[in-house]
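Derivation of every value follows stated rules applied to the coordinates shown; laboratory data play no part. Bear in mind that the values here come from a model prediction, so they are computed numbers and not experimental data. A quick note on method: Cβ atoms are made from the backbone with ideal geometry, for glycine too, and the neighbour counts reach across all protein chains shown.
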Amino acid sequence: MAIGMIARLKIQEGKNAEFEEIFLRLQAAVKANEPGCNFYSLHRSSDPQTYVVLEQYADEASMKAHSASDHFRTIGREMGSCMAGRPELEQLEAV
């Protein structure tokens with residue numbers, strides 16, 4: 001059964017362009033290296049400092065592989081300098 005994830009990210013003022021550039025690199029790495037990821041997309045909220053990442057994985061193992069991947073850890077660390085706090089995560093089960 002597919003697993004969904006919603007991640008809400010708060011970004012520091014003035015860091016939007018840098019954050020978006022880093023995220024797009026991560027998105028490309030996910031697409032190239034994670035066959036179990038159905039989609040991984042970034043959306044800007046009505047609050048310009050809030051972004052929402054919509055993710056879906058084929059199964060629990062695919063989601064765990066994403067979190068453990070070198071590209072997620074490396075590029076994710078780069079995004080940390082843009083963040084204004086910890087992400088809010090909500091895991092969902094596909095119906």
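A few points about this structure:
- Using only Cα coordinates, the Kirkwood hydrodynamic radius of the range 3-93 works out to 13.3 Å.
- For Ile3, neighbours were defined as the other residues whose beta-carbon sits under 11 Å from its Cβ, and their charges (Lys and Arg +1, Asp and Glu -1) total -3.
- Contour minus Cα-Cα distance for Gln12 and Glu93 (0.36 nm per residue): 26.1 nm
- Computed helical MRE - 222 nm, the chain, DSSP H runs ≥ 4 contributing -39500 (n - 2.57), nearest 500: -12500 deg cm²/dmol
- For the range 61-68, the Karplus equation 6.51 cos²θ - 1.76 cosθ + 1.60, evaluated at θ = phi - 60°, returns couplings of 4, 5, 5, 5, 4, 4, 4, 8 Hz by residue, with Gly and Pro reported as x.
- Integer Hz, Karplus 6.51/-1.76/1.60 couplings in order for the range 6-11, x for Gly and Pro: 10, 10, 9, 10, 9, 10
- Residue order, fewest to most surrounding Cβ atoms within 10 angstrom, among His71, His43, His66: His43, His71, His66
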